[in-house]
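This structure is in structure tokens; I'll ask about it shortly.
The values are calculated or read from the model by the stated rules, or taken from the named source; none is laboratory data. In this text the structure is predicted, and so the values were computed from the model without any measurement. Counting neighbours? That spans all protein chains shown, and the Cβs are built from the backbone with ideal geometry, glycine included. Areas reflect the complete protein model, heavy atoms only, side chains present, ligands, DNA and RNA absent. Shrake-Rupley method; radii C 1.70, N 1.55, O 1.52, S 1.80 Å.
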Amino acid sequence: MSKPNVHILGTGSYAPEKVLNNADLMRMVDTTDDWITTRTGIKERRVAGPGVATSDLATPAAKAALEAAGLDVLDVDLILLGTATPDMLFPSTACVVQSNLGARNAAAFDLSAACSGFLYAVSVGKAFIESGTYRNALVIGAETLTNILNWEDRTTCVLFGDGAGAVVLGRADEEDKTGTGIHAIHLHSDGDLTKLLYMPAGGSRIPTSADSVEKKLHYVKMEGREVFKHAVKLMSTAMEETLADAGFTPADLDLLIPHQANLRIMEAVAKRLEIPNEKVFVNVDRYGNTSAASVPIALDEAVRSGRIKPGDLVGTVVFGGGFTWAAAAVRF
Ligand code: COA
């Protein structure tokens, strides 16, 4: 069995107060509570609203994680932020958070892996700590996805929501024999499938123009069915291979935290892994798909509610645009 070098020292999360439920959406597009609930498991989602940026959600989530870790902000030497909805194209949202926190000793950068951004960022933080370059990394997944939704497109606008989650990573004590920490993380990508889930304009390929706005190219475009099929298959295999790499099997898991995109995807992944639904953490009903924020929010809720207890083995697996997907095995 692997010996983890990097621990999760604390978790935090934050979601905007405004709730948009399925009944509200029924007044906006041609949909029903029944369609949304049976197809996705989503009942409501949080919406940041006008003038609220991703860093405004990321900052309180980061503060909560630092407090849980008992770490002084000046001891943070790296801030990594996974997002598909940065405050602006540059500088990074991580730099905005660094300033908000007063984390004067930290390097800060964003990481773009869509819904997989959080685990990609955890993997980078883990590698930096293991290499000895940094001691304490603040890793954040934060989104204001509702800013890039076409509220006239019922096939996408019912699925997503806003929020932020964070963890503090630190080096394990050399003497620690408990096996606590991150045992393995595997990252994957397939850029051939980019156009199944993407936002076409606003970058260098199609810079923002009156034409790009008129053609509604600044919104999420998605082939839902194709995404669904790939997600189930790739998330299951990634979780299995990551556990195997650390010397575990799915049966060893105390809790599975899948990306909270869709209840049916989560149940299909659990079925493939032969994990009972009782061992699967679900909060998609309350948040919708918050992209890079989904797993860190779920992790924080699971820790704070006591669903994750000391010694538990937790598997987490994500999937998103790119395509990107990733899994991690963590002992708490
Ligand atoms: N309300 C009511 N009807 C809707 C609807 C909505 N919000 N959205 C789509 N429909 C309609 C479609 O227009 C279609 O109607 P038609 O048969 O008359 O053409 C019908 O419902 C079925 O659409 P389809 O897209 O085939 O449904 P589906 O069973 O594949 O479910 C998703 C759609 C999006 C819920 C499902 O494909 C999914 O969850 N995909 C993964 C999406 C995801 O998680 N993306 C993020 C990954 S990080």
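I'd like to check which strands (runs of 3 or more DSSP E) are fully inside the range 103-181 and have at least 2 residues that are open to solvent by 20 Å² or more (accessible area, probe 1.4 Å) and not aliphatic (A, V, I, L, M).
Details: elements: 107-111, 136-144, 162-171.
Output list reads 107-111.
Another question, then. Out of all the residues in the range 46-68, is one or more within 16 Å of the ligand (Cβ to nearest atom), outside any strand (DSSP E or B) and not assigned by TED's automatic domain parsing to the domain that holds Val295? Before you say what the answer is, go through the steps one by one.
Just the residues of the range 46-68 that are within 16 Å of the ligand (Cβ to nearest atom), to begin with: none.
Checked against the condition, which is being within 16 Å of the ligand (Cβ to nearest atom), outside any strand (DSSP E or B) and not assigned by TED's automatic domain parsing to the domain that holds Val295, the range 46-68 yields no hits at all.
Same structure again: Tell me which residues, restricted to the range 232-252, are part of a helix (DSSP H, G or I), open to solvent by 40 Å² or more (accessible area, probe 1.4 Å) and away from the ligand (no atom under 14 Å from the Cβ).
Quick first cut of the range 232-252, residues part of a helix (DSSP H, G or I) only: 232-245, 250-252.
This time we only want the ones that are open to solvent by 40 Å² or more (accessible area, probe 1.4 Å), so: 233, 237, 240-241, 244-245, 251-252.
Within the range 232-252, Thr237, Glu240, Glu241, Ala244, Asp245, Ala251, Asp252 qualify.
I would also like to ask the following. Looking for whichever is under 20 Å from Ile182 (Cβ atoms), among the small types (Gly, Ala, Ser) and within 19 Å of the chain's Cα centre (by Cα) here; the options are Ala261, Ala302. Which one fits? Steps first, please.
Numbers: Ala261 fails: under 20 Å from Ile182 (Cβ atoms).
Residue meeting the stated conditions: Ala302.
Right, another one. Under the condition of being closer than 17 Å to Ala106 by Cβ and of a type in the set (S, T, N, Q), which residue from the range 34-75 is surrounded by the most Cβ atoms within 10 Å (Cβ to Cβ)?
Filtering first and then ranking leaves Ser55.
Name the residue, out of Gly161, Gly191, that is within 16 Å of the ligand (Cβ to nearest atom) and assigned by TED's automatic domain parsing to the domain that holds Thr133.
Numbers: Gly191 fails: assigned by TED's automatic domain parsing to the domain that holds Thr133.
Of the residues listed, the single one that is within 16 Å of the ligand (Cβ to nearest atom) and assigned by TED's automatic domain parsing to the domain that holds Thr133 is Gly161.
Given the criterion of a type in the set (Lys, Arg), exposed (fewer than 15 other Cβ atoms within 10 Å of the Cβ) and touching a residue at least 60 places away in the same chain (Cβ under 8 Å), identify the matching residue among Lys216, Lys229, Lys195. Outline the logic, then answer.
Values: Lys229 fails: touching a residue at least 60 places away in the same chain (Cβ under 8 Å); Lys195 fails: touching a residue at least 60 places away in the same chain (Cβ under 8 Å).
Exactly one of Lys216, Lys229, Lys195 is of a type in the set (Lys, Arg), exposed (fewer than 15 other Cβ atoms within 10 Å of the Cβ) and touching a residue at least 60 places away in the same chain (Cβ under 8 Å), namely Lys216.
On to the next question. At pLDDT 95 or above and in contact with a Phe, Trp or Tyr (Cβ under 7 Å, 6 or more places away or on another chain): is that true of Ala210 in this structure?
Working: at pLDDT 95 or above: yes; in contact with a Phe, Trp or Tyr (Cβ under 7 Å, 6 or more places away or on another chain): no.
Taking the combined requirement at face value, the residue does not satisfy it.
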